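Before any comments, here is the structure.
The values are calculated or read from the model by the stated rules, or taken from the named source; none is laboratory data. Model, not experiment: these values are computed from the prediction. Reconstructed Cβ throughout: ideal geometry from the backbone, glycine too, with neighbour counts over all protein chains shown. Please note that ligands, DNA and RNA were not included when accessible areas were found on the heavy atoms of the full protein model with its side chains. Shrake-Rupley method; radii C 1.70, N 1.55, O 1.52, S 1.80 Å.
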Amino acid sequence: MLQKSEPRALRPMRSASTLKLTDITARAEQSEAFDHHEQIWLGEDETRGLTAIVAIHDTALGPALGGTRIWPHATFDAALTDALRLSRGMTFKAAIAAVPFGGGKAVIKADARTDKTPAMLEAYAEMLAALNGQYFTGEDVGLTLADADFLRARTPNISGTTQGGSGNPSPVTAHGVFLGLKAAVSHALDKEDLGGLTVAVQGLGSVGWSLCEKLHEEGARLVVADLDRTRAKQARAAFDAQTVDPAGIVATDADVFAPCALGAVLSTETIPTLKAKIVAGAANNQLARHEDAAELKRRGVLYAPDYVINAGGLINVAAELDPDGYDRSRVMERVARIPDALSNIFARSDAENRPTNDIAQAIAEERIRGARPG
Ligand code: NAI
């Protein structure tokens, strides 16, 4: 179990500010999703319409890094649970990717389409600044590149902006997923190329599309699905892909299933229908429950843990915060290490007869413990 690091003091806010910051760590401890988080902050500003939770899970490896999600959760507790779970996931992702950051995540409880205003974002920028460099954030659902730029003009604690120069992280993420998928094929099927293999890709968004380009180039046969039928049709034309109904993509007859849409796609209901022997895709939180990885292993399916294979985006965003400045070639070198990290996890999973996600978590926890003083 991870131990807590000591939190730093808050930076004083302007006396005229209407933002109220409250440490709600004790309250968060009551949540089932609480897992030794270091600090949980609530930022409230009635005048400017902000209710924001910043969850700092672990800073042993560096300041917390994780996107800000704007979402109209039904209750405050639902927003808190989301922040707690997502920030914990970021700790493991950063540790495995070996970037000098810890895990954090913010949730603004609001509807991004109707409630997001410049005043709200102003108040949120004040909250970020007050956290005194303990938390760095970036885009997530509901927070756009333009919003990130707006925040960046008011606080340095934000990455993934146009000023940083790294642009859209999706092609970097897709490149890491492609290399990771090949490592999984090499391990499970003893094949070094994708020629003649069938890959079922769920979701043809920024990452899924870019992944399809690489898979097609490498000679893989593609079966694709997207809720957006136009996108699926475009993939049929561009990659000679077979399109299937979104409801049927998990059970498609394929060698590899690549989830690149939303989370919780692998569950007690879907796992028995899976025909592919490999799951390797970009989506975050692919497993409905952590234990589902054990069922995949029992069925002889090789699962590439999501936060290991999709770390390219994080590596890219972390590089923007590098004091020496963003360097694309260094980013790509780091992304090129993703297949080795996965191969190591696969080998340990076989040797210790444990699910791949247990191994990934153990490696991350070892690194975090190793970074703590004493
Ligand atoms: P996106 O929003 O551009 O694309 C998602 C696509 O999935 C959309 O085209 C949507 O219509 C489709 N979709 C949604 N539900 C579906 C379903 N049930 N069946 C079929 N298609 C469905 O998102 P993006 O950026 O491509 O990300 C994809 C996944 O990868 C997400 O889970 C994201 O959290 C994760 N990820 C993305 C990173 C990035 O750099 N963009 C980094 C790390 C993870």
Study note, to complete from the structure: Residues in region 259-292 that are within 12 Å of the ligand (Cβ to nearest atom) and open to solvent by less than 10 Å² (accessible area, probe 1.4 Å) total 4
Point to revise | Matching entry among Thr162, Thr243, Thr230 (being without any contact (Cβ under 8 Å) to a residue 24 or more places away in the chain, more than 16 Å from Ile278 (Cα to Cα) and not assigned by TED's automatic domain parsing to the domain that holds Tyr303) | key: Thr162
Exercise for review: Could you tell me whether any residue of region 297-305 is part of a loop (DSSP other than H, G, I, E, B), over 19 Å from Thr198 (Cα atoms) and within 14 Å of the ligand (Cβ to nearest atom)?
Suggested key: yes
Exercise for review: Report the residue count in region 177-206 for those that are in a helix (DSSP H, G or I) and open to solvent by less than 30 Å² (accessible area, probe 1.4 Å).
Suggested key: 7
Practice item. May I ask you to say which residue of Ala237, Ala280, Ala225 is in contact (Cβ under 8 Å) with a residue 60 or more places away in the chain and at negative phi? Key: Ala280
Exercise for review: Determine if region 143-157 includes at least one residue that is within 17 Å of the chain's Cα centre (by Cα) and surrounded by 23 or more Cβ atoms within 10 Å (Cβ to Cβ).
Suggested key: yes
Check your understanding: Just checking, how many residues over region 100-140 are under 11 Å from Thr68 (Cα atoms) and small (Gly, Ala, Ser)?
Key -> 3
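When you check Leu61 against the structure, is it assigned by TED's automatic domain parsing to the domain that holds Gln134 and touching a Gly at 6+ places or on another chain (Cβ under 9 Å), yes or no? Step through it out loud before you land on a result.
Details: assigned by TED's automatic domain parsing to the domain that holds Gln134: yes; touching a Gly at 6+ places or on another chain (Cβ under 9 Å): yes.
The answer is yes for Leu61.
Go through the residues of region 338-345 one by one and say whether even a single one is modelled with pLDDT under 95, open to solvent by less than 20 Å² (accessible area, probe 1.4 Å) and either within 12 Å of the ligand (Cβ to nearest atom) or of a type in the set (A, V, I, L, M) (or both). Spell out how you get there, then give the answer.
Narrowing region 338-345 to residues modelled with pLDDT under 95: none.
Checked against the condition, which is being modelled with pLDDT under 95, open to solvent by less than 20 Å² (accessible area, probe 1.4 Å) and either within 12 Å of the ligand (Cβ to nearest atom) or of a type in the set (A, V, I, L, M) (or both), region 338-345 yields no hits at all.
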Review point. Taking region 153-186 as the search range and keeping residues that are closer than 27 Å to Ala341 by Cβ and of a type in the set (Ser, Thr, Tyr), which one is farthest from the ligand (Cβ to nearest atom)?
Key: Ser186
Point to revise | Residues of region 74-106 satisfying the condition of being closer than 24 Å to Leu121 by Cβ, assigned to a loop (DSSP other than H, G, I, E, B) and open to solvent by 20 Å² or more (accessible area, probe 1.4 Å) | key: Ala74, Thr75
